[in-house]
Each structure stands twice: as structure tokens, then as C-alpha cells.
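One structure is given here, and the rest of the page talks about it.
The values are calculated or read from the model by the stated rules, or taken from the named source; none is laboratory data. Given the structure is predicted, the values throughout are model-derived calculations rather than measurements. Every residue, glycine as well, gets a Cβ built from its backbone with ideal geometry; the counts of neighbours run over all protein chains shown. In case anyone asks, the SASA skips ligands and DNA or RNA and just uses the protein heavy atoms, side chains included. Shrake-Rupley method; radii C 1.70, N 1.55, O 1.52, S 1.80 Å.
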Amino acid sequence: MDGQTPPIRRRKKRRIRKLPFILLFIIFILLGCFLYIKSSYESGLKQAEKHAPKHEQYEFNGVNKKDGKINILILGQDRAVDGSARTDSIMIGQYNYLNKKMKVISVMRDIYAEIPGYRNYKINTAYTLGGPELLRQTIKKNLDIDIDHYAIVDFKGFSAMVDEISPNGVPIDVEKDMSEKIGVTLTEGKHNLNGKELLGYARFRNDAEADFGRVRRQQQVIRALKKEMVNLPVILKTPKLAGIARGYINTDMTDGEIFRTGTSFVIRGSKDPNTLVIPVKDSFTQMSYPEAGAVLEIDKEKNKTAIKKFLEE
């Protein structure tokens, strides 16, 4: 045994000699991931830049409670005939970084609300009068929800993201024939809807249910999209989707916040978001006022209690 290196020592030397190659391999993998993420994100941005409108910058005094949750005011923006901005849909999305859960509150736009500095109108009128900041104040005053950020979704952007997520369309059971004021013609039955068609389905309100039916269909669309998001090909597209979103969505969130939240949700988050519709059942009456037309007059305290329970449970 004299003059011979013990077997254990030889194995240790071999491991030591391999260590630099292992570290180099890991570095190459990380570099490749970084380059893939960067190029995919920039590809999404370029795709959006071809069609996305120029974003208007808004003052927004969001409230950051630093409790591990983020509340985002999500608005679907439409344009009136005179070119003025109006919101076609109002949602508050909450993502909890701690338990990775997503919650979505749909706020009916016909709620009769106190708008700070103005007389009472439908709640969506706050956006037309003062942009997302006045709508934030109105939601806080009437529903007691603190909001961190806003995201105004351009309808073309929604269609583009749906087509990227599911090139063959999103499976939807269309409940009836639809065509009026949605830009597409849909027939009753099970179909794979492309982005434009899915948007039309979510926006339809020309039936007896009016806004109630639209909110219900919007939540149906959210559930259908979340099923598509769990597929591996979509997970790999996350950087590109973030780039498309950044180009089409007008938001006060930074690139870092968008990527952090989006990556956390797609990779680790629960894909079964809880939903709530405001006003809740048996908490409103249908009224009509000369200055606002047909509205929903709500029991504010009952709805505030429901919202608090929903967001904290």
C-alpha cells in the first residue's frame, strides 16, 4: 500500500477536478435561461408595438399596505363615439404572494355610487370624469377596497394575448346566439373561440340579463383561460406574454413588478381563482334617476362586509 493514493482520496480529487465543469455548466444554463427570457420578452413587446395605442400617463395614488398581497384595478377600456374614454368592465384582482392565491372581484358598472367631488352617478362614470385615480377613490369610498395599482386593458391586447395563449382557440360553451354590438357573430353551442370572438362573448350584454349576464360570462372566460394557463407550452411563453401585456396594458406597475407577479402566478400560483360579484345577492335594488338612467342602488355595508370576508379568508 506504500506510495499509493487511497481510493477515497482519488475519488475526492476526481470530484474536485469536475467541480469547475459543473459550475461552468450551471452558468451556461442560467445564461441560456436569461437570454431566452430577455429575447422572448422583447419579442412580445415588438409584437404589441405594431398595434398597441400610445399610453396616456395617469396620476395614481395607490395604497401599498405591505401585507404580502397586491390589489390591482383592472379596467377594460372602450371608447365612446366622441372619443372619450370609458370603462367597459371593472375588476379588482388580488394576488397573495404568500399563499400564491388569486382572487377576482367583478364590480358591476351600473352601481349608483358617490363620486368624490361630483354628484352620484354610475360607478364607471368616475373613470370618464377623472381616470383611474378618481375611480380608485370612488371604489374606496363606496366599497372600502384599498388598491395598489391600475391596469387598463386595451381590447386588442386582450385578443392578442388570447391568441398567443391558445392559438387553436379557447373552448367555450356559447349559451345563445350573439352578435349585437360585439363585433362578431357567435352561434349557440361548444366552440373554440379566438381572441376577438372570446372578447365579444365576454362583452355581450344585449339580453334580459344585461350587465348581470355579462359579468357571469366574464367569470366564465376567466375560468376557461386559467385552464389554458396550466399547459407547459403556455408556461414557457410567460416572458413573451409579459412583453405583449406590457405593450398593450397601460399600467403604473414597473416591468419588475409585472414579471415578478406574472412569473409567481404562472409557475407557482393556484390556477383556480376565487371570484366574487359586487353587488352580492339580495343587497341591491334596481332604480332609475334622470341624470344616470337605470342603476343598481346597493346596500354598501352589506357589500363591504362581503368584500372584507372574501379578501381575508
Debye-sum result for the stretch 166-212 in log10 I(q)/I(0), which assumes one identical scatterer on each alpha carbon, at q = 0.19, 0.22 Å⁻¹: -0.54, -0.72
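Of Glu301, Glu175, which has the most accessible area with a 1.4 Å probe, and how do the rest follow in descending order? Display every interim value, and only then the final one.
Details: Glu301 115, Glu175 60 Å².
If we order Glu301, Glu175 from most to least accessible, we get Glu301, Glu175.
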Solvent-accessible surface (1.4 angstrom probe) belonging to Glu114, in square angstrom, nearest 10: 70 Å²
Approximate shape of the stretch 167-252 as ellipsoid semi-axes (Cα gyration tensor, √5λ), whole Å, largest first: 25, 16, 12
Angle between the chain longest axis and helix 211-229 axis [Cα atoms, degrees, rounded to 10]: 10 degrees
Degrees, to the nearest 10: 7-49 long Cα axis against longest axis of the chain: 30 degrees
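Could you size up the charge dipole of the chain around its Cα centre, putting +1 on the beta carbon of Lys and Arg and -1 on that of Asp and Glu, and report it in debye to the nearest 20?
Working: 52 positive and 39 negative charges, 529 e Å.
Result for the chain is approximately 2540 debye, rounded to the nearest 20.
Counting trypsin sites (Lys or Arg not before Pro) as exposed when in a DSSP loop with at most 12 other beta carbons within 10 Å, what is the longest stretch of the chain free of them?
The longest uninterrupted stretch comes out as 182-280.
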Three principal axis lengths of the stretch 76-218 [C-alpha, angstrom, descending]: 45, 42, 26
Probe 1.4 Å, protein heavy atoms only - accessible area per residue of the stretch 94-207 in square angstrom: 41 Å²
Candidates Asp163, Asp173, Asp110: whichever shows maximal mean-square fluctuation once the chain is modelled as a Gaussian network with Cα springs under 10 Å: Asp173
Cα convex hull of the stretch 191-313, projected area averaged across orientations, nm²: 10.6 nm²
Angle in degrees between helix 125-143 and the longest Cα principal axis of the chain, rounded to the nearest 10: 80 degrees
The stretch 70-312 - Rg and Dmax from Cα coordinates, angstrom: 17.6, 53
